[in-house]
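The values are calculated or read from the model by the stated rules, or taken from the named source; none is laboratory data. These figures come from a predicted structure and were not determined experimentally. No Cβ is skipped: glycine too gets one built from the backbone with ideal geometry, and neighbour counts run over all protein chains shown. To get the accessible areas, we keep the full protein, side chains included, count just its heavy atoms, and leave off ligands, DNA and RNA. Shrake-Rupley method; radii C 1.70, N 1.55, O 1.52, S 1.80 Å.
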Amino acid sequence: MGKESKKKEDKPKKNDFKSFLKKRAPIYLALIAMFVVFVIPEMTKGTLEKSFPELSDENQKIVDILMKYDGPNNSGLTVLEALENKISEEYPQEKIFDHKKTTVDLTVTNVNSEEYKVNLNFISHKGEMNYDWNVNVISEKISSNNSESKYIIDLVNYYD
């Protein structure tokens, strides 16, 4: 009995895992290549929200109220989505948020104890867009101060 077990030990064992990988290596490489080509660029794609500068907690709350505003009847379209749609209409077929000349300037100033003024300036290589809103913190009412921001608020308010 001892001789039989020695013979089994002397034979090199086949590594099942190694042969498994050898057979399927091209498939795994193809899957990794597809992941790198298609998924990673989508995950790292620039957006308007990622372009916003760092703000204090209080100012960030004001910007969140504005950007999440979805109209009096909760239409589903938010100010942030409407802005992104407007920018993508102006710059079709471009990854405008990834362009090195694109900047987003966002300033929040206190008008009175419950109202803040939010200015958003989107500057790109082809021009700029300026938006100006007043945000009431208590009622969460948004009012526009120029025609471009009024267009966005009207779009959100009357979206079906």
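Using θ = phi - 60° and the Karplus curve 6.51 cos²θ - 1.76 cosθ + 1.60, what whole-Hz ³J(HN,Hα) does each residue of the range 58-65 get, with Gly and Pro shown as x?
For the range 58-65, the Karplus curve yields 5, 5, 5, 5, 5, 5, 5, 4 Hz.
Using a 1.4 angstrom probe on the protein heavy atoms only, could you order Glu90, Glu115 from most to least accessible area?
Glu90, Glu115
Using modelled amide H (1.01 Å from N, peptide plane; none on Pro or chain starts), what sits under 5 Å from the amide H of Lys141, excluding residues fewer than 5 places away?
It is Asn136, by chain and number.
Nothing charged except the Cβ atoms of Lys and Arg (+1) and of Asp and Glu (-1): what's the magnitude of the dipole of the range 46-158 about its Cα centre? Round to the nearest 20 debye.
200
At 1.4 Å probe size, what's the solvent-accessible area of Met34? Round to the nearest 10 Å².
Its accessible surface works out to 110 Å², give or take rounding.
Would you mind calculating the relative contact order of the range 46-158 from Cα pairs under 8 angstrom and at least 6 residues apart, reporting the percent as a whole number?
25
Can you give the accessible area of Tyr28, probe radius 1.4 Å, in Å² rounded to 10?
Only protein atoms counted, so the area is about 90 Å².
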